[in-house]
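Data first, discussion second: the structure below is written as structure tokens.
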Amino acid sequence: MGQFLEAASIALQAIWSNKLRSFLTVLGNIVAVTSIIAVVSLVQGLNASVSDSITSQVGADTFMVRRTGPTRTEEEQLRAAGNPRVTLDDAAAIRAASPRIQLVMASAQASGEAKSRRETLESLNIRGVTREYSLLPTTDIEYGRTISMSEFDSRRNIAILGWDAADRLFGALDPIDKEISLAGIRFRVVGVHKKKGAVFGQSQDEYAVIPLGAFQRMFGTRQSLALTVLPTDPSVVRAAMDDTTLALRIERRLRPIEPDNFGVVNSGTFLELYDQVTSGVFAILIGVVSLSLVVGGIVIMNIMLMVVSERTREIGLRKSLGARRRDILWQILTESITLSTFGGMVGTTLGFLVAFIISKVTPLPAVVEVWSVMLGISVTAFVGLFFGLYPAMRAASLDPIEALRKE
């Protein structure tokens, strides 16, 4: 350890005594690591943001039944287009199918104009839901209240607003018990949801929730529903999904050889699809950026060869005084690794700074992971080791007599 610290100290002295040359030597590493860390931070932030968005919409412990599941080919899309609508009869069949299912909520959505006395929103997402909505763990009311069971049953014109919708329609005014117009129909606001934030700059809080009965009076009953199913326990989600699939196949009288004409999905399904679509793209992006590390490594190797040439007499003197081949090898390697790692540390810091600036001026989020710090530093240390090996071996193989003769 003492030998390493001594060699590292000599390397740092050499870097400090040749500041401009050292900076130009590690510039390739700095640019490469800055790019890698910035890209990794943005990719991690993007993944976390998408994961949070999917989980908040679908629910970590729930799953959904929809008219179609995720489609990956044109043939699957054409087949899914002929699927029958999901109805309240399907919801009833699922409720009766399994003791593992706690509740089933039906919902539908459409866009419509929203008006208050002070503001008009040309297109607001309007969601119609059944009474189970108030029992879902994801129904978080910031202030006001949820819709009561009697209001659901009587199909009252009652609404809960998303946080941004309430803010845009009412500003600093209290929206509770105020009236708004949704698609030309008057509704009374009874609650406001907690803020969920935005994904890619797109707000997740611009919506209004109303009873499904009121929704169907406005938009008709022929729209396919989406069913949100809450199992009795998170540990039985997979079994409850299997029970739901079986119940719907029986309800729709599907023969064993016929494929499902509906989709049963949970947050994991969407995350898996997202990973399949983006993982290859992200890997290629990071790989292309990483190529600049090779350029940086070649620059370090060239500089270290020049250093060996400049210090030939010094190396010959050390050998004549008893220095072994491995001592010379280790000295040059340590200098190369220190030089490269220094560039990696600077690049890591700049990479996080670049990612932070991008996240502030664009909708792209950034997440700093500890492993990415270790990655940036360890990769540059490996680059210094790999590209410093040849100059170190060349220095270690110098004949001391010939080296001392060199002017």
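The values are calculated or read from the model by the stated rules, or taken from the named source; none is laboratory data. What you see is a predicted model; the values in this text were computed from it and never measured. Backbone-built Cβ (ideal geometry, glycine too); neighbour counts: all protein chains shown.
Observations on the model:
- Residue ID - surrounded by the fewest Cβ atoms within 10 Å (Cβ to Cβ), chosen from residues in segment 15-34 that are at pLDDT 75 or above and polar (S, T, N, Q): THR34
- Of all the residues in segment 250-266, those that are outside any loop (DSSP other than H, G, I, E, B) and either buried (at least 18 other Cβ atoms within 10 Å of the Cβ) or touching a Phe, Trp or Tyr at 6+ places or on another chain (Cβ under 6 Å) (or both) number 4.
- Tally of residues being of a type in the set (Ser, Thr, Tyr) and modelled with pLDDT of 70 or more across segment 35-65: 3
- Residue match in segment 176-185 (condition: in contact with a helix residue (DSSP H, G or I) (Cβ under 7 Å, 6 or more places away or on another chain), free of Cβ contacts under 8 Å to residues at least 40 places away in the same chain and assigned to a strand (DSSP E or B)): yes
- Condition check for GLN202: under 27 Å from LEU46 (Cβ atoms) and modelled with pLDDT under 90: yes
- Taken over segment 121-156, the criterion of being outside any loop (DSSP other than H, G, I, E, B), under 34 Å from the mean Cα position of the chain (by Cα) and over 24 Å from GLY220 (Cβ atoms) is satisfied by SER134, LEU135, ILE141, GLU142, TYR143, GLY144.
- Residue within segment 257-268 that is modelled with pLDDT under 75 and more than 12 Å from VAL65 (Cβ to Cβ) present: yes
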